[in-house]
Amino acid sequence: MIYQGKGITVKERDNGLAELVFDLQDESVNKFDQATLNELNEATEA
């Protein structure tokens, strides 16, 4: 696992690729709110 947050996770895959998954926990709808955008920034830095 490269990064795991409440709405975004990043896992390392084969051949140096990374898989980014956007799945906001405890919510019925995924939202690009400020918290999610902050996580996306943290994930790209990881």
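The values are calculated or read from the model by the stated rules, or taken from the named source; none is laboratory data. All values derive from a computational prediction rather than experimental measurement. Note that we place each Cβ from the backbone using ideal geometry, even for glycine, and neighbour counts take in every protein chain shown. Keep in mind that these areas ignore ligands, DNA and RNA; they rest on the heavy atoms of the full protein, side chains included. Shrake-Rupley method; radii C 1.70, N 1.55, O 1.52, S 1.80 Å.
Key figures for this structure:
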read-out: Conditions (1) open to solvent by 90 Å² or more (accessible area, probe 1.4 Å); (2) within 11 Å of the chain's Cα centre (by Cα): number failed by ASN15; value: (2)
read-out: Residues of the range 1-12 satisfying the condition of being surrounded by 10 or more Cβ atoms within 10 Å (Cβ to Cβ) and either touching a residue at least 40 places away in the same chain (Cβ under 8 Å) or touching a strand residue (DSSP E or B) at 6+ places or on another chain (Cβ under 9 Å) (or both); value: ILE2, TYR3, GLN4, GLY7, ILE8, THR9, VAL10, LYS11, GLU12
read-out: Within the range 25-40, tally of residues that are open to solvent by 70 Å² or more (accessible area, probe 1.4 Å), more than 21 Å from LYS11 (Cα to Cα) and either modelled with pLDDT of 90 or more or among the aliphatic types (A, V, I, L, M) (or both); value: 2
